[in-house]
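> Quick one: this structure, given as structure tokens, is what I'll be asking you about.
Only the coordinates and a few stated rules stand behind these numbers; no lab work does. For clarity, every value in this text was computed on a predicted model and none was experimentally measured. Heads up, the Cβs are rebuilt from the backbone with ideal geometry, glycines too, and the neighbour counts pull from every protein chain shown.
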Amino acid sequence: MQATLTFLGIESSCDDSAAAVVRVGARAEILSSVVEGQVALHADFGGVVPEIAARAHAERLDHCVERALAEAGVRLGDLDGIAVTAGPGLIGGVLSGVMLAKGLAAGSGLPLVGVNHLAGHALTPRLTDGMAFPYLMLLVSGGHCQFLIASGPDQFQRIGGTIDDAPGEAFDKTAKLLGLAQPGGPLVEREAALGNPKRFALPRPLLDRPGCDMSFSGLKTAILRARDSLISVQGGLTVQDRRDLCAGFQRAVTDVLTEKTRRALAVYLEVSPPIPAFAVAGGVAANSAIRAGLEGVCAAHSVRFSAPPLRLCTDNAAMIAFAGIERFRISGQDDMTLSARPRWPLDQTAAPLLGSGKKGAKA
Ligand code: KG4
Ligand code: ZN
């Protein structure tokens with residue numbers, strides 16, 4: 001029986017300042033999870049501005065930590081450690097978090113654990129569902145898109161990923177092309193529900209090639225062309241045109257993700273997992289058409305399907321606190337030389353992917 005551990009987690013790798021307290025004993029418990037988003041700060045710029053994000057993290061993180069401790073009803077002295085995202089991500093933001101965590105660790109004498117942000121996402125099914133290793137994971141958000149076989153808290157094999165845009169990025173760009181607000185995913189989904197997905201012939205990039213790699217930038221270009229040809233013929237877009245373009249786009253992304261998931265499952269099932277399981281995480285996992293497609297593939301292969309609740313799919317610090325506890329148990333703590341890393345692939349042996357995503361180089 002392992003000792004119960006309570007950790008503070010700190011996250012600041014992109015545009016969410018977050019702090020959380022997680023306790024892991026016989027089961028994992030989120031005592032608090034505070035997330036202060038920055039959507040309004042970046043709204044005028046059409047994307048996350050790294051300098052603005054870093055400044056906002058520096059201003060808000062200590063407040064997030066105070067709130068997380070108060071909401072959990074604990075003081076620093078009740079904790080067993082401090083986990084912080086040490087990369088990958090926008091370097092100014094990651095630095096803000098690492099500096100704060102170092103200060104807190106130095107002041108309190110608590111162990112400091114640097115966590116890979118992607119490991120935080122990839123270990124979330126263990127926090128929410130107690131999922132046993134090895135499981136197959138699809139991380140799919142505005143900055144990430146990869147298939148990972150998770151075999152241990154620091155053992156991840158990447159078996160495919162996007163070679164250009166992440167799907168959330170493609171949703172956001174499509175929204176922008178069609179005059180919808182940011183972040184675009186939920187709005188494109190809403191329009192798609194009222195549209196005809198078959199009206200426009202859109203590509204399914206890389207489905208004709210073997211393997212689990214994906215590409216989404218061509219899809220966005222196809223939407224641009226379809227939009228421009230409608231504008232040149234009609235002088236603008238009707239409400240129904242927009243709905244049909246959204247529906248076609250969403251169907252194409254769903255087709256690519258489900259087919260690539262089928263292939264990734266075939267690779268994963270070769271390792272003969274005792275309890276085959278698949279988990280999806282990241283903001284795009286909120287899309288019900290995509291979720292249903294992935295669930296269907298899993299059902300067809302008798303593989304358990306899990307999708308963490310949305311607040312734990314998107315960036316948060318509970319996943320960082322939990323991943324910190326898992327890492328601390330197998331490899332102990334970091335020292336004050338812990339540094340912030342803009343790039344930090346989870347699978348150090350896999351060849352680098354070409355894409356970097358709108359929110360900066362990830363892996
Ligand atoms: O995981 P996340 O909060 O942040 C990172 O990118 O790391 O994901 C945000 C992304 C955005 O691109 C957003 O448009 C997309 O997830 N998203 C969706 C939906 N909700 C959020 N994409 C498609 N359908 C949705 N319902
Ligand atoms: Zn993330």
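> Checking the a/c ratio against 1.5 first, then a/b against b/c, what shape does the Cα gyration tensor give for region 290-333? Intermediate values should be presented prior to the final figure.
On the way: a/c = 5.42, a/b = 1.97, b/c = 2.75.
Here region 290-333 falls in the oblate category.
> Follow-up. As I understand it, the value is the acute angle between the Cα axis of helix 91-108 and the longest principal axis of the Cα atoms of the chain; what does it come to in degrees, rounded to 10?
For 91-108 against the chain, the angle is about 20 degrees.
> While we're looking at this one, here's another question. When you count, for each residue, the other Cβ atoms within 10 Å and take the mean per peptide, how do 5-15, 161-171 rank with the highest first?
On the way: 5-15: 28.7, 161-171: 26.0.
Highest mean packing first, the order is 5-15, 161-171.
> For ARG311, put the label point 7 Å out on the Cα→Cβ axis and report which residues of region 277-302 keep their amide N under 20 Å from it.
280-288
> For TYR135, enumerate residues with amide H under 5 Å from its amide H, sequence gap 5+ or separate chain, H modeled in the peptide plane.
ALA150
> Taking amide H atoms as placed 1.01 Å from N in the peptide plane, list the residues 5 or more away in sequence, or in a different chain, whose amide H sits under 5 Å from that of ALA166.
When sequence neighbours closer than 5 places are left aside, the close amide H contacts are GLY357, LYS358.
> Report the label-to-label distance for GLU29 and THR349 in nanometres (one decimal), using points 7 Å from each Cα along the Cα→Cβ vector.
About 3.9 nm, to one decimal.
> How much length is gained on full extension from SER229 to ARG67, taking 0.36 nm per residue of separation minus their Cα-Cα distance?
On the way: separation 162, 0.36 × 162 = 58.32 nm, distance 5.15 nm.
Full-extension gain reported as 53.2 nm.
> When the helix-only estimate is applied to the chain (DSSP H runs of n ≥ 4, each -39,500 (n - 2.57), divided by the residue count), what is the mean residue ellipticity at 222 nm, nearest 500 deg cm²/dmol? Walk me through the numbers on the way to the answer.
Values: 11 runs with 157 residues, N = 363.
It lands at -14000 deg cm²/dmol.
> What nm distance separates the two modelled labels at LEU41 and THR258, each placed 7 Å from Cα along Cα→Cβ?
About 3.9 nm, to one decimal.
> Among the lysines in the chain, how many pairs, 8 or more places apart or on different chains, have alpha carbons under 28 Å apart?
Final tally of qualifying lysine pairs is 23.
> Enter the angle in degrees (range 0 to 90, nearest 10) between the Cα long axis of helix 239-269 and the first principal axis of the Cα atoms of the chain, meaning the one along which they spread out most.
Rounded to the nearest ten degrees, it is 60.
> If you plug each phi of region 123-136 into the Karplus form 6.51 cos²θ - 1.76 cosθ + 1.60 with θ = phi - 60°, what whole-Hz ³J(HN,Hα) values come out, in order, with x for Gly and Pro?
8, 3, x, 6, 5, 8, 10, x, 4, 8, 6, x, 10, 9
> Taking the Cα centre of region 135-310 as origin, work out the dipole magnitude from +1 charges on Lys and Arg Cβ and -1 charges on Asp and Glu Cβ, in debye rounded to 20.
On the way: 19 positive and 16 negative charges, 71 e Å.
With only Lys, Arg, Asp and Glu charged at Cβ, the dipole is about 340 debye.
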